[in-house]
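Heads up, the thing below is written out as structure tokens.
The values are calculated or read from the model by the stated rules, or taken from the named source; none is laboratory data. Just so you know, these numbers come straight off a predicted model, no measurement behind them. Counting neighbours? That spans all protein chains shown, and the Cβs are built from the backbone with ideal geometry, glycine included. Remember, those area values only see protein heavy atoms, side chains included, never the ligands or the DNA or RNA. Shrake-Rupley method; radii C 1.70, N 1.55, O 1.52, S 1.80 Å.
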Amino acid sequence: MKKRITNKEKITTAQKITLWAVFAIFFVYAFTLVWPFIWMFLNAGKTQMEFFRDKLSFPAAYKWSNFSDALFGVYVTAGSGTGAHKVKLLEMFWNSIYLTVILTVLEVFVSTCAAYVITYYRFPGRKLIYGIVVFTMVVPLVGTLPVCYDFFARAHLLNTIPGMILLCVNGLGFAFLILYGGFQNLSWSYAEAASLDGAGPFRTFFSVMLPLMRPAIVSIAVVTAISFWNDYTTPAVYYADHPTLAYGINTLLNEVKRSSSGDFGSNYPLMFACILVAVTPIIIFFACFQKTIMKNMSVGGLKG
């Protein structure tokens, strides 16, 4: 009778050493990523005196009130001239939420429609549109910023939701490229079967093709939402009167650097509390959807 070889017997001493070495390297790397957040959390609960006395010690009594002060007591000045007004961190939080939700839903929907049409329908200029999308993804178009800003200012679209939608929702960006590849892997036989059953183009799209593309659409929606949430440049230029968290936190940090007598003064624990309030939602969001983001976006379903 042959002796069964277990997995433990297959691993040699050299392989064990290699595995432990790799584990140690990745552990150190992971610690360097987590440590800044741990350090900020510890210091966010200190008083100003405790922070300047020792930046690596635990607080004597954790000051949770710093987080409520961050939400309701810290603000930045938005706008200029007679239109200048104060915006609290809590308001920036809600600005980020509804702007991210609106832009994500519209961008994913428009990108899905565009990818579906260009994948399955033959019309003049179809390949040209795809080429333009790839070109705009590769070539930086920063030089168009002055012209674009002047157009939005003349059209009275600055600091408006319609203006942000017109600027950010085009259906021909990164989401389009991923969904285009997903539709190419999806057999047209499903649409043909639905057509034989009497379904029209819209019924086929919404009732047959979209459900089959659901994993890819959800993954793209998560990535797109994170991108809009973290976007600093676009709100800073075109939506400055309604600062989002990304824009507002950067403004707060700049105020700390410029002056030690502003809202923060030398209150670094309060500043760390503001940063944690800003990054915690997106960390939780990513943790909940990390498997969805990493999931294979290929779709199909036909057998044999």
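Computed values, structure above
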| item | result |
| --- | --- |
| Rounded Å value of the spacing that divides the Cα centres of the range 174-249 and the range 99-139 | 9 Å |
| With every protein chain in place, the chain: carbon and sulfur % of accessible area (1.4 Å) | 68 percent |
| Candidates PHE27, PHE58, PHE67, ranked by Gaussian network fluctuation over the chain, Cα under 10 Å, top entry | PHE27 |
| Of GLY200, GLY73, GLY45, the one that fluctuates the most in a GNM where the chain has Cα springs shorter than 10 Å | GLY200 |
| Within a Gaussian network of the chain (alpha carbon springs, distance under 10 Å), most fluctuating of PRO124, PRO211, PRO243 | PRO124 |
| 13 Å beta-carbon shell around TYR180, net charge (K/R +1, D/E -1) | +2 |
| Nitroxide proxy distance, nm - points 7 Å out along Cα→Cβ at ILE283 and VAL105 | 2.9 nm |
| Proximal charge balance of THR100 [Cβ under 12 Å; K/R count +1, D/E count -1] | -2 |
| Accessible area expressed per residue, the chain, with surrounding protein chains retained (probe 1.4 Å, Å²) | 62 Å² |
